[in-house]
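Participant: For reference, the structure I am asking about is given below.
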Amino acid sequence: MATPRRRPLIMGNWKMNLGPAEAEKLVDELLAILPPEPQADIAVAPTFIAIGPVCRRLAATRAILPGAQNMHWEDHGALTGEIAPPMLAEAGVRLVILGHSERRAIFGETDDMVGRKVAAAYRHKLIPVLCVGEQETERDTGATLEVVGRQVRAGLEAGGPPSDGDLVLAYEPVWAIGTGRTPTTPEIQEVHRFIRDEVAAIAGQATADATRILYGGSMNPKNSAGILALPDVDGGLVGGAALDPAGFLTIILSATA
Ligand code: PEP
């Protein structure tokens, strides 16, 4: 059977960079240089405080989809400092990054918490971008697929994905994030194929075939074309390189539908 074509998604994770004014400026710079009909969906995830201005700036265009970097799973409550899914939906957010390794490692997010967040994203019609990936020691000891499989199952079995929902996963080897190092392309393809098979086992082959699996971890204008050409890589989650509009554009242009 022919490999199904999935429209690539290139998503910038701006992390804890760019306040409201700087975020709007970067959005304006991107809008000015994007081709009228890119071959990929494009999304950006600003800080919470910049989400309002960025969503308002993007309200009149479908060229860039607004995203968020995290959220809580409850709709409201005594949870000081947290942001609820309906608040993101009201602001105009379309996608939300969940279970990023920085959230897991620095803020103690567990597989169980990430699973609740994915289920909450579906309840509020937000597209979850479920991040999974192994630590360097786990790769060195041959535990990559075991770790990634556990994270995929925990992320999806709590309540998603419904057959009518969009699902995005991001394979981000922790040791590749912000380090300039990446796995080889066969190593990336092996994990992406494995993730698709895990999604098929949980949610069926049709959902797995429609699921976009992004690669993240030191993707840059030089290595993006080779990574994005892999059969089970459907886009990129880009950190540092997404802060430079020209570099981000090069990555977008290297994705072919
Ligand atoms: C990330 O943190 O999601 C990421 C991919 O970062 P970088 O591109 O900077 O490695």
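Participant: For segment 1-133, give the percent of accessible area contributed by carbon and sulfur heavy atoms, probe 1.4 Å, rounded to a whole number.
Facilitator: 55
Participant: Next up: Return one whole number: the accessible area per residue of the chain in Å², for a 1.4 Å probe.
Facilitator: It amounts to 44 Å² per residue over the chain.
Participant: Something else now. Could you work out how far apart the two model spin labels at Arg7 and Asp28 are, taking each label as a point 7 Å from the Cα in the direction of the beta carbon, and quote it in nm?
Facilitator: Those two pseudo-labels are separated by 2.8 nm.
Participant: What three numbers, in Å, describe the spread of the alpha carbons of the chain along their principal axes, ordered from the longest?
Facilitator: Result, largest extent first: 45, 44, 36 Å.
Participant: Evaluated at 10 °C with a viscosity of 1.306 mPa s, what Stokes-Einstein diffusion coefficient in µm²/s does segment 148-223 have when Rh comes from the Kirkwood expression over alpha-carbon pairs?
Facilitator: 121
Participant: Let me ask another. How much of the accessible area of segment 141-257, in percent, comes from carbon and sulfur atoms when a 1.4 Å probe is used?
Facilitator: 53
Participant: Ok, one more. Would you mind listing how long segment 89-129 runs along its three principal axes, going by Cα atoms, in whole Å with the largest first?
Facilitator: Answer, in whole Å and largest first: 28, 16, 14 Å.
Participant: Students often forget the sequence filter, so: which lysines lie under 17 Å Cα-Cα from Lys125 once same-chain residues fewer than 8 apart are removed?
Facilitator: The qualifying lysines are Lys117.
The values are calculated or read from the model by the stated rules, or taken from the named source; none is laboratory data. A quick note: this is a predicted structure, and the numbers were derived from the prediction, not measured. Reconstructed Cβ throughout: ideal geometry from the backbone, glycine too, with neighbour counts over all protein chains shown. The protein model used for the area step is the full one, side chains on, heavy atoms only, and it has no ligands, DNA or RNA in it. Shrake-Rupley method; radii C 1.70, N 1.55, O 1.52, S 1.80 Å.
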